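Report on the following structure.
The values are calculated or read from the model by the stated rules, or taken from the named source; none is laboratory data. All values derive from a computational prediction rather than experimental measurement. Because the Cβ atoms are built from the backbone with ideal geometry, glycine has one as well, and the counts that use them run over all protein chains shown.
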Amino acid sequence: MTTESTHYDTVIVGGGPAGIAAAMHLAFHHRKVLIVDRKTSPMQFANTPIHNYPGIKPLEASVDILQKLRKELRGFKVKTLFGNVLRIEGKVPNFQLHIKTSKPTPTTLTAKTIILATGISRKHPKVDGDWKKWLPYAAKDHMSYYCPDCDSPITKGKDIIIVNAGSANSALHVARSIKPYAKRIRIFMTEDGYAPFTKEFETILSQSGFEWTQGLIREVKIHAPGQRQQLLTTDGRTLECNAFFVAWIGVPRSELAIPMGIEVDERQSIITDQRGATNIEGIWAAGDVRPITQSIATAVGTGVYAAIIITHYLMNLD
């Protein structure tokens, strides 16, 4: 079944900021590290500048930051294997990771320790019934924003439509976050969202004090990115604004963790202690797969912290 077997001090599943930061620290301490990356991080596509990551004046986009992190990583001679981890077996110090790559048969790698930095999957709004049709506008060119903690101040003076793919409460969380900044806020509840529209949602929204409506998106028109944009609905309406702010559903990518008995919360986020360790010895988690605010700075911090603890842990295994 396997075509190669190589032993590492740490295998990191996920090549986003958390995984890369962890790999850099471990490699700096002369540990044999591998990153397995399936290249699905939202940072690979978002090109709206990041405002709350220190040390990047002038501002840079997520995709540019990720590329710089990858370039810096190459200087540490850390190998990245592009593929999808199918399952993890074994226990410390002999975990086996079965990985699907471009090769016809899976690859098996072994590791003393593992970091799960698998991130979160975004559920985007649907356009004409297909979420992929929203991707040209997803966190690109100031057409749409996704993170209230990161992007709320950017909406200052703008007419914003919150395009909601989740619950009424998720829409209101965004609305309240951007209220101090935006000139006008309207909530558009998508009737084909991932949380079905209910009578309770209608009551919550009607009592919220925010303008709101509901319907299905037939088409998106961008006349001037971040200035003049339109949602065209299936019932013939045209809703115009300066930009969209997406209230989306996030699904933690914890599908590898759950079969191993790693504890998760009600949202399926991986539960760790304050140092990033899971309840399974030898396995840590970092970044957005944990129940934390999604921020590059936060992800990097959790990755480095996990790597610091693993560095000391490995000393005891040697």
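General remarks:
- Candidates Val289, Val300, filtered to the one that is over 17 Å from Val11 (Cβ atoms) and buried (at least 17 other Cβ atoms within 10 Å of the Cβ): Val300
- Restricted to segment 55-78, and to residues there that are in a loop (DSSP other than H, G, I, E, B) and either of a type outside the set (D, E, K, R) or in contact with a strand residue (DSSP E or B) (Cβ under 6 Å, 6 or more places away or on another chain) (or both), the residue that is surrounded by the most Cβ atoms within 10 Å (Cβ to Cβ) is Val78.
- Some residue of segment 171-184 being surrounded by fewer than 18 Cβ atoms within 10 Å (Cβ to Cβ) and farther than 24 Å from Lys140 by Cα: no
- Among the residues making up segment 150-198, those that are under 23 Å from the mean Cα position of the chain (by Cα), of a type in the set (A, V, I, L, M, F, W, C) and either in the same structural domain as Ser295 (by TED's automatic domain parsing) or part of a loop (DSSP other than H, G, I, E, B) (or both) are Ala165, Ala195.
- Residues that are in a loop (DSSP other than H, G, I, E, B) and among the acidic types (Asp, Glu), drawn from segment 239-271: Glu255, Glu263, Asp265, Glu266
- Residues satisfying the stated conditions in segment 145-171, i.e. of a type in the set (A, V, I, L, M, F, W, C), under 14 Å from Ile204 (Cα atoms) and in contact with a Phe, Trp or Tyr (Cβ under 7 Å, 6 or more places away or on another chain): Ala168
- Among the residues here, Arg267 does not qualify as touching an Asp or Glu at 6+ places or on another chain (Cβ under 9 Å), surrounded by fewer than 21 Cβ atoms within 10 Å (Cβ to Cβ) and without any contact (Cβ under 8 Å) to a residue 40 or more places away in the chain.
- As for segment 14-25, it holds at least one residue that is assigned by TED's automatic domain parsing to the domain that holds Asn84, surrounded by fewer than 24 Cβ atoms within 10 Å (Cβ to Cβ) and touching a Leu at 6+ places or on another chain (Cβ under 8 Å).
- Segment 3-13 - residue that is outside any strand (DSSP E or B) and of a type in the set (S, T, N, Q) and, of those, surrounded by the most Cβ atoms within 10 Å (Cβ to Cβ): Thr6
- Scanning segment 245-257 turns up no residue that is at negative phi, over 21 Å from the mean Cα position of the chain (by Cα) and in contact (Cβ under 8 Å) with a residue 12 or more places away in the chain.
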